[in-house]
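Chemist: What follows is a single structure, and I will ask about it in a moment.
The values are calculated or read from the model by the stated rules, or taken from the named source; none is laboratory data. Small disclaimer: the values here were computed from a predicted structure and weren't measured. As a convention, Cβ positions derive from the backbone with ideal geometry for all residues, glycine included, and neighbour counts pool all protein chains shown.
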Amino acid sequence: MPGTPQQQSGDPVLRQVLLGRGYLGLLLVAALIGIPVSLVAFGFVGLEHQLQHWIWESLPAAAGFDRAPWWWPLPALLLAGLLLAPVVTRLPGRGGHVPVDGLGGPPTPPSAVPGVVLAALACLPLGAVLGPEAPLMALGGGLALLAVRSARRTEHPQLVAVLGTAGAAAAISTIFGSPLVAGVMMIEAAGLGGPQLIALILPCLLASGVGALVFTGFGHWTGLSIGALSLPQVPPSGVPDPGDFLWGVPLAAAVAVVCVAGQALGRRVKAFTTGDPDGPRPAPTARQTAVRTVLCAVAVGACLAAYALLTGRSPEEAALSGQATLGVLAADPTAWPIGALLALVLCKTVGWGIALGSLRGGPIFPAILIGAVLGAACAPLPGLGSAPALAVGLAASGAAVTRLPVTSMVLAAMLLGGDAANEMPLLIVAAVTAFVTGELVRGRRRRGPVPADRGLPAGR
């Protein structure tokens, strides 16, 4: 469709923004911010990954076990709850936002960054079923704001949002496997259009590109692993056939229902730990919040132990964010018994839902694993297969949880690597199906029956 004369000749508003006073300086600041933010983020994820390896592999080996025993998650998550409780009740920022609320709202103030880091290090290495993406974004945004003087923030309040977003993009530039995913996420999550969108995304892309360069360079130099979301090996795929779409559409819908159910559980747990603003009961006291946080952490540990008891496998497969398990699953989905896959979906989803409402971390990584596992469980269906089932699970889970279908499709394509071109039509259909299904399920929940004692929609 041909553009308007104004579009064909260039948008004068966009030119005015790009050439306006201070915008080129803003791009320079965004590029410079990407360097220190990425260095700190690299140190954070490197430390978290090393702690995780020590707790779940080195320590069990030192204790004489060939792998973590079934009961290992119980003391680990108890310790996580005990460490987290004083952070969420005493430190500024309460350790960051509750994961069930998404990836966060406004940029994290610098005063809250220490609490975010401590909360994440208390939860993630010890087995919380959450990812590192939300703490990384909070860390990057808070550090970026340190680069802006108070006077500058007063004179240019929009600078806070732009630089905070750029810092978040730099921090997560490679944790999703590519800085392109971070850029697309910022575009889709911004909710803006026209020149405003371009003006926001350019600093984010520049900061994330610099951040990716820093991550890559330090990774080769130090030899440290950061546990980024990646699939070293995936099942071979071909061009999707009608059978892939015949099974792919209901599979995507099922993945969306499971993920939304986990989020619904997270909202109930959040109301239990921190209070429901729409509820008739007063919010719990700080002491009650601390006790309930510890109880929820132990409940997550019980879910992980239940998986190990049901399957005879390591509880580490259900614990943590899921990057390692996802790589093992994608390398050979047929090596997993169907019963173990279904048990992993159940225990991981329940543990994820409890963690969403009580602990601290990101919501995306575990959801990606849940979708992939559900896809692998459905792969033996006649006419489907491992590769298309895995592709549907990856795209559908991301779209249902983040409510960003384009970002989810790009993330799934990055994970599939060279096979993504063949699976692209299926990825698109799965992402759209899961997004629509998730919105319909959430809408139905909000339009539930009206309780006689409240006179308000049940889902509110």
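Chemist: Mind telling me which of the residues A290, A297, A372, A376 ends up being surrounded by 22 or more Cβ atoms within 10 Å (Cβ to Cβ), within 19 Å of L77 (Cα to Cα) and touching a helix residue (DSSP H, G or I) at 6+ places or on another chain (Cβ under 7 Å)?
Modeler: Working: A290 fails: surrounded by 22 or more Cβ atoms within 10 Å (Cβ to Cβ); A372 fails: within 19 Å of L77 (Cα to Cα); A376 fails: within 19 Å of L77 (Cα to Cα).
The conditions single out A297.
Chemist: Regarding T289, is this residue more than 20 Å from L103 (Cβ to Cβ), of a type in the set (S, T, N, Q) and modelled with pLDDT of 90 or more? Please lay out each step first, then the result.
Modeler: Working: more than 20 Å from L103 (Cβ to Cβ): yes; of a type in the set (S, T, N, Q): yes; modelled with pLDDT of 90 or more: yes.
So T289 passes the test.
Chemist: Can you pull out the residues in region 92-111 that are of a type in the set (S, T, Y) and not in a loop (DSSP other than H, G, I, E, B)?
Modeler: If the condition is that a residue be of a type in the set (S, T, Y) and not in a loop (DSSP other than H, G, I, E, B), then S111 is the only one that fits.
Chemist: Can L394 be described as free of Cβ contacts under 8 Å to residues at least 40 places away in the same chain, crowded, with 24+ Cβ neighbours inside 10 Å and not acidic (D, E)?
Modeler: Answer is yes for this residue.
Chemist: Is it the case that some residue within region 112-119 is part of a helix (DSSP H, G or I), within 14 Å of A355 (Cβ to Cβ) and at pLDDT 95 or above?
Modeler: Looking for residues that are part of a helix (DSSP H, G or I), within 14 Å of A355 (Cβ to Cβ) and at pLDDT 95 or above, one finds at least one in region 112-119, hence yes.
Chemist: While we're here: Quick check on L416: is it in contact (Cβ under 8 Å) with a residue 12 or more places away in the chain, part of a helix (DSSP H, G or I) and closer than 26 Å to G301 by Cβ?
Modeler: So L416 does not fit the description; no.
This table checks each residue for (1) on the phi < 0 side of the Ramachandran plot; (2) surrounded by fewer than 16 Cβ atoms within 10 Å (Cβ to Cβ).
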position	(1), (2)
L51	yes, yes
G64	no, yes
A68	yes, no
A76	yes, no
G96	no, no
T108	yes, no
V113	yes, no
L121	yes, no
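Chemist: Test each condition in (1) surrounded by 24 or more Cβ atoms within 10 Å (Cβ to Cβ); (2) within 15 Å of G248 (Cβ to Cβ); (3) aliphatic (A, V, I, L, M) for L415 and report the one that comes out false.
Modeler: (2)
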